[in-house]
1. Taking the 0 to 90 degree range and rounding to the nearest ten, how far is the long axis of helix 200-213 tilted relative to the main principal axis of the chain, both from C-alpha atoms?
2. Give the residue from Phe94, Gln176, Ala198 lying farthest towards the positive end of the charge dipole for the chain; charges sit on Cβ (+1 for Lys and Arg, -1 for Asp and Glu) and the dipole is referred to the Cα centre.
3. So how do Phe60, Phe94, Phe191, Phe217 line up by other beta-carbon neighbours within 10 Å, fewest first?
4. Would you mind checking which residues have amide H under 5 Å from Arg27's amide H? H placed 1.01 Å from N; only 5 or more apart, or other chain.
5. How high is the relative contact order of the chain? Use alpha-carbon pairs under 8 Å, at least six apart in sequence, and give a whole percent.
6. Quick check on the exposure proxy: order Asp39, Asp204 from fewest to most C-beta atoms within 10 angstrom.
7. Please give, to one decimal in nm, the separation of the simple spin-label points placed at Arg106 and Trp224, each 7 Å out from Cα toward the Cβ.
8. Would you mind checking which residues have amide H under 5 Å from Gly98's amide H? H placed 1.01 Å from N; only 5 or more apart, or other chain.
Amino acid sequence: MPRSASRPPLRAPVAREASGVTYLLRRSERARRLRLSLDDDGNALVTLPSRAPVSAADAFVALRRDWIARQLQRYAAERARHESRGPLRDGGTFVLSGQPHRLDVRVTSRARTTIEHDDSIVPTIRILRAPADERPLAPVLERWLRREARAAVERRVTARAPQLGVTPTAVSIRDQRSRWGSASRAGRLSFSWRLVLAPPAVLDYVVVHELAHLAVFGHPPAFWSLVRSVVPEADAARRWLRAHARELHWSLS
Ligand SMILES: [Zn+2]
């Protein structure tokens, strides 16, 4: 079914202020209730059902002032960490497995571009470019990172599945914007490749989380006890993901 026929276009958001907080207001025909979020540029954004009065958005923003302030602080911290790393370039820094790595880019006489991960002295990602390869660094790195992610996730699945007494039927690697992993009732697991950028303990937690869903659906207390029985530091990993989600999504920009 063509999407454009059933999806009315979103109207451009307008800037407003309530109780000293500047925010963007967007009307949506599809929203059933008022929603408050932070957009990709770090603006508080209220999505309002088309029939709700604007005063409802102002009142909500006033009520959630402290929450907005905390989100803006977190956004600024992530932005600052991201910017301190600078652009992707030879001699630049790229965070892999939670560790800053030096990017070492060389043009070689090889027929194909290859990437080497070398932690022997200074953690380094060495990109050995084929002379004819003129792609920007981001897609070159992303292809490699997806393969690294697959290998890392598969290693953790193999180690953790027996501990949880489950057997996944398939594991896939994706780039979902809003979730780090998912599990289907048929036993198929999928994970964001960006988890390979996070500390290994965080990737391990997400793998255990999705494997645990093969034993317990939803997030009842029994689910969390199962997860914590295998990964006692699960809460720290969840906090890490909340504090670094945007950074992982910005990593190649
Ligand atoms: Zn879950």
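Only the coordinates and a few stated rules stand behind these numbers; no lab work does. Model, not experiment: these values are computed from the prediction. For neighbour counting, all protein chains shown are included, and Cβ atoms are generated from backbone atoms with ideal geometry for every residue, glycine included.
1. Here the helix axis deviates by roughly 70 degrees.
2. Looking along the dipole axis, the top candidate is Gln176.
3. Phe217, Phe60, Phe94, Phe191
4. Amide H neighbours of Arg27, under 5 Å, 5+ apart: Arg11, Leu48.
5. The value is 13 percent.
6. Listing Asp39, Asp204 from fewest to most nearby Cβ atoms yields Asp39, Asp204.
7. 5.1 nm
8. The answer is Ala198.
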